[in-house]
Amino acid sequence: MPEIQSTPPPRTATPLPQTARRRERSAGRQTATRDADRAAARAEKLAQQSWVEGAEPALPTRTTRPEDVVFHLGPTNSGKTYDSLQALAAAGSGVYAAPLRQLAHEAYEKLSALLPEGSVGLSTGEEEIDPFAPIVCCTVEKAPPRGEMLVLDEAHWVTDPDRGHHWARLLLTGEYRTMHLISAAEAYLVLKPLVSDAEHVEVVNHKRLSRLDVLRAPVRTDAVRPQTLVVAFSRKAVYAAAAELDQHRPGKVGVLYGALPPATRREVIERFTSGELDVLVTTDVIGHGINVPATTVLFAETTKFDGQEVRPLRTWEAAQIAGRAGRYGLTGHGSVGILIGVSGLKPIGALVANGAAVARGDEMSDLPKRAPRLRPELEDLGAFEAVDLPEALVRWMAWARAATRDEAMTADDVTTLVLRVHALLPLLRGPLGAAGDLQTVWRLVNLAIDYNPPRRTRWLVLARAALEHAVGLPVQPETVLPDVPRGGSVEEYEQAAAAARDAQTLLRQFPGVAGLDSDDAAWVEEECAEMITELLPDAIALGRSGKCTSCGSAIAPWFTTCRPCSAPAGRSGGDRDRRPGGQRAAGGQRTAGRAAGRALGGRQGGPRGRSRRG
């Protein structure tokens, strides 16, 4: 057999001494860095544990407990607010606090009619009238910390994820001799622990003062009677329903939704109250205690986008809206039902009937079982500089979650505050750092300006302008306060009014930025509100009515063209130019339809493009 030769092992190149030393130094540096990172992480964890265990803030409390707390519990239209305002008027001194500016305005007008001139003031984020009067009507955020009597309307907002912490802190720390808390009965167990230190607690159960019937059959758009509220849950759906109704009652249909400036909303409500408008198409903004003389409430849809998903209404939401029908002292008995005939909107009658049962007080609602919210004040954080705030906020949240585990409240999510601080910190590394002290940064990150995209940039622009002004750098006025649009659409004026409200929020905290004050911003908002009021009738008449602008087929109001008409050329062959009945649409009709769609979106504030509602 031939001898098998073994293959010698491959030679291993001997590294040069210099290369080996470099590798050793690199490995040593990596090990040292890793060890340092681990040590820093251990030190940070120990520091956090020490802060939580040894120097944690205390839960908010009051030094003087209330003598009397009166709960006014019951369904809508049961006289809860009326009785509380009568008590406030009799006391002659105190505070009425509510979640909405419109409610504060209503209480201000009612009390002003009962009491001598100068006895009642108004304080909201946008308006101040005699704010030091003996009785002040305000939004909850503006409520003073102490007084003779507190009337807190819609008190179940204490569990609201965004604003509930204002209610919770007012109830936990407010030093009032007497408190009147107005709420649905389902919120009693949530509210009671927050005033458990009261010397005396009284519960007054209210019953609905007028009958509320459910209509047996759906109502078509041509059969809607005067004094009717029609409810939809997006701007586009509101205009779609209003356009359909305006065909049968030209010039007698109004719209009400959150994007309208407060002055426009008040004027629309006044026109409906006076009978100038027969029908008011509104979002669920009408459900928060606003009183109008409506005999009927019709739901054009029963689903809403809640910020995360499109979902059916909960029964307590439907009840809040349905209860607007048949207001005691304004109309007779009320009726609630569904509206059909608006393309793309399909309300569910059974859901509305369940809501009506809750509004009558016949059934309990499904009010979410959430706990009151707790949010930190600056003194709770133990921060010394602005750069400390992110870590301090995270540490506070860890402490608060542990501290409230056995309490009748829950720690608020402060992630948005952390994100705002992180957005500001890079600005403070340059010349603007001279103005970025702890107090200023805390005031900036807590400005009541929307931080959700796409408006996040707006908050950062305003915050930067405040810092630039503080260090003496020039700030262009249009950066803070855009001009009033000229020849714009309703939507463009709404956006300008929203920018003006943001500017008011900034200028109340930081007056003089760009040589402006809050009155300048209020003027711009008022001008926009006047233009919107002028344009609304045409915007309603030309509103998108749920029809394809190309072929006229029925579609949902948040689209402008149907699927076949919006398909690219050649995608769906000859079908893209056909009507539902099979006839081909004439070219002139398609062109006219598209032109109308462009005019509506660009001039009269209707939906633009084929985009989903949001």
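The values are calculated or read from the model by the stated rules, or taken from the named source; none is laboratory data. Note that the structure is predicted; figures quoted are calculated from it, not measured. Neighbour counts run over all protein chains shown; Cβ positions are idealised from the backbone, glycine included.
Couple of notes before you dig in:
- Among the candidates PHE272, PHE305, the residue that is surrounded by fewer than 19 Cβ atoms within 10 Å (Cβ to Cβ) and hydrophobic (A, V, I, L, M, F, W, C) is uniquely PHE305.
- Subset of segment 111-136 (residues that are at pLDDT below 95, surrounded by 20 or more Cβ atoms within 10 Å (Cβ to Cβ) and touching a Leu at 6+ places or on another chain (Cβ under 7 Å)): none
- Candidate set: segment 78-105, residues that are under 12 Å from VAL136 (Cα atoms) and not hydrophobic (A, V, I, L, M, F, W, C); chosen: the one farthest from the chain's Cα centre (by Cα): GLY92
- Yes/no for ALA87 being at pLDDT 90 or above, of a type in the set (A, V, I, L, M, F, W, C), part of a helix (DSSP H, G or I) and out of contact with any helix residue (DSSP H, G or I) (no Cβ under 9 Å at 6 or more places or on another chain): yes
- The lone exception for ALA383 - which of (1) outside the structural domain of THR315 (by TED's automatic domain parsing); (2) closer than 30 Å to LEU212 by Cβ it fails: (2)
- Of the candidates ILE182, ILE286, the single residue that is surrounded by 16 or more Cβ atoms within 10 Å (Cβ to Cβ), within 28 Å of PRO347 (Cα to Cα) and touching a residue at least 12 places away in the same chain (Cβ under 8 Å) is ILE286.
- Annotation note: Cβ proximity below 6 Å between a residue of segment 73-89 that is at positive phi and a residue that is in a helix (DSSP H, G or I) (sequence gap 6+ or interchain) occurs for GLY74/LYS80.
- Matching residues, segment 296-353, being over 21 Å from the mean Cα position of the chain (by Cα), at pLDDT below 95 and among the polar types (S, T, N, Q): THR331, SER343
- Within segment 422-434, residues that are without any contact (Cβ under 8 Å) to a residue 60 or more places away in the chain and in the same structural domain as ALA386 (by TED's automatic domain parsing) reach partners that are among the small types (Gly, Ala, Ser) and not in a helix (DSSP H, G or I) with beta carbons closer than 9 Å, at six or more positions or on different chains, in the pairs LEU424/GLY436; LEU425/GLY436; LEU427/GLY436; LEU428/GLY436.
- Filtering segment 353-367 to residues that are part of a loop (DSSP other than H, G, I, E, B) and free of Cβ contacts under 8 Å to residues at least 40 places away in the same chain leaves only ASP362.
- Scanning segment 476-496 for residues that are surrounded by fewer than 20 Cβ atoms within 10 Å (Cβ to Cβ) and under 23 Å from ALA423 (Cβ atoms) turns up GLN476, GLU478, THR479, PRO482, GLN495.
- Hits in segment 121-145 (condition: part of a loop (DSSP other than H, G, I, E, B) and under 14 Å from ARG101 (Cα atoms)): THR124, GLY125, GLU126, GLU127, ALA143
- Residue check for GLY329: in the same structural domain as ARG225 (by TED's automatic domain parsing), surrounded by fewer than 19 Cβ atoms within 10 Å (Cβ to Cβ) and not β-branched (Val, Ile, Thr): yes
- Checked against the criteria, LEU535 does not count as over 30 Å from GLU301 (Cβ atoms) and not assigned by TED's automatic domain parsing to the domain that holds THR282.
- Where strands (runs of 3 or more DSSP E) sit wholly within segment 289-346, those with at least 1 residues that are within 19 Å of THR273 (Cβ to Cβ) occupy 296-299, 334-340.
- ALA97 meets the stated requirement of being buried (at least 17 other Cβ atoms within 10 Å of the Cβ) and assigned to a strand (DSSP E or B).
- Output for segment 148-172, where each listed residue is assigned to a helix (DSSP H, G or I) and of a type outside the set (Gly, Ala, Ser): HIS156, TRP157, VAL158, THR159, HIS165, HIS166, TRP167, ARG169, LEU170, LEU171, LEU172
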